[in-house]
Amino acid sequence: MGKSIAFVETSGVSSDELKVLCREIIPDVKVYQLIDDSLIQEVNANCGPTPFVRRRMMEYYRNAQELGVDLIINQCSSVGEAADSIMPFLDTPVLKIDQAMAERAVELGRKIAVIATVESTTGPSVRLIESVAAKMGKEIEVDLHLVEGAMMVLIEQGDAEKHNRMVLGEVQKAAKDNDVVVLAQGSMTVLLPLLKDIPVPVLSSPRLCVERVKELLEAQG
């Protein structure tokens, strides 16, 4: 029997892109997507995961595990720390979508800009990068830029052009003073075609995550 994975997603905004990346990078792997867009709405309304969100996440993770998958991927940066608290109660390994991106950012530079489009992501994203740096024994500086409301423009209004106008200036500003720029949400990949002239690396999580998934599945044998 072949390998299989499950994405647990708090919105469908990046679901199509994840499917495309999986077909490209891990075409022989069965991919499940468990999507509940009410989760991100509650997270954003409360500036972080509520106990109710955590309980529902636990159920989705258990559902994914019962599918018999080899790996579960937490798709949402805003609930990354909630995923950390759930992992010890599962038999199936869990990968956070932004783990590989955080590691690459720390490898690339000391001054790291984090661009976020919703407040609930800022803390988890910054703490993840700081944690990775500590484990790697590297001193870093994190420069946080919040473009408040941009993610909801993309999710609720479906207006990628307006989202990009809101975010692009912050990316350009951050690139002047940092070694690398991190796009905190996977949904921000809609901005990538506009970033070709940015003078420093700009990292987004979906592709790096799926590449990491491939490595982990191959290591499982």
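The values are calculated or read from the model by the stated rules, or taken from the named source; none is laboratory data. All values reported here derive from a predicted model rather than from experimental measurement. Every residue, glycine as well, gets a Cβ built from its backbone with ideal geometry; the counts of neighbours run over all protein chains shown. SASA here: full protein model, heavy atoms, side chains in, ligands and nucleic acids out. Shrake-Rupley method; radii C 1.70, N 1.55, O 1.52, S 1.80 Å.
Odds and ends about this structure:
- For the residues 109, 68, the requirement of being over 15 Å from the mean Cα position of the chain (by Cα), more than 22 Å from residue 173 (Cα to Cα) and of a type in the set (Gly, Ala, Ser) singles out 68.
- Meets criteria (touching a Pro at 6+ places or on another chain (Cβ under 9 Å), within 24 Å of residue 96 (Cβ to Cβ) and modelled with pLDDT of 90 or more) for residue 184: yes
- For the stretch 43-59, filtering for residues that are hydrophobic (A, V, I, L, M, F, W, C) and either in contact with a Leu (Cβ under 6 Å, 6 or more places away or on another chain) or closer than 15 Å to residue 90 by Cβ (or both) leaves 3.
- Selection of first residues in the stretch 10-29 that are of a type in the set (Lys, Arg) and of second residues that are crowded, with 17+ Cβ neighbours inside 10 Å and at pLDDT 95 or above, restricted to Cβ pairs under 7 Å at least 6 apart or on distinct chains, gives the following pairs, ordered by first then second residue: 19/31.
- Of everything listed in (1) open to solvent by 60 Å² or more (accessible area, probe 1.4 Å); (2) touching a strand residue (DSSP E or B) at 6+ places or on another chain (Cβ under 8 Å), the single unmet condition for residue 76 is (1).
- Tallying residues that are open to solvent by less than 80 Å² (accessible area, probe 1.4 Å), free of Cβ contacts under 8 Å to residues at least 12 places away in the same chain and more than 14 Å from residue 152 (Cα to Cα) within the stretch 31-51 yields 1.
- Residue match in the stretch 22-30 (condition: surrounded by 15 or more Cβ atoms within 10 Å (Cβ to Cβ) and closer than 20 Å to residue 184 by Cα): no
- The residue of the stretch 80-94 that is surrounded by the fewest Cβ atoms within 10 Å (Cβ to Cβ), among those that are among the hydrophobic types (A, V, I, L, M, F, W, C) and farther than 22 Å from residue 119 by Cβ, is 89.
- Condition check for residue 91: over 17 Å from the mean Cα position of the chain (by Cα), more than 14 Å from residue 180 (Cα to Cα) and among the acidic types (Asp, Glu): yes
- Matching option when the condition is out of contact with any helix residue (DSSP H, G or I) (no Cβ under 6 Å at 6 or more places or on another chain) and within 24 Å of residue 151 (Cα to Cα), among 33, 65, 75: 75
- Scanning the stretch 57-68 for residues that are open to solvent by 10 Å² or more (accessible area, probe 1.4 Å) and touching a residue at least 12 places away in the same chain (Cβ under 8 Å) yields 58, 60, 62, 63, 65, 67, 68.
- Entirely in the stretch 104-221, the strands (runs of 3 or more DSSP E) that have 1 or more residues that are open to solvent by less than 20 Å² (accessible area, probe 1.4 Å) and either among the basic types (Lys, Arg) or out of contact with any helix residue (DSSP H, G or I) (no Cβ under 6 Å at 6 or more places or on another chain) (or both): 180-183
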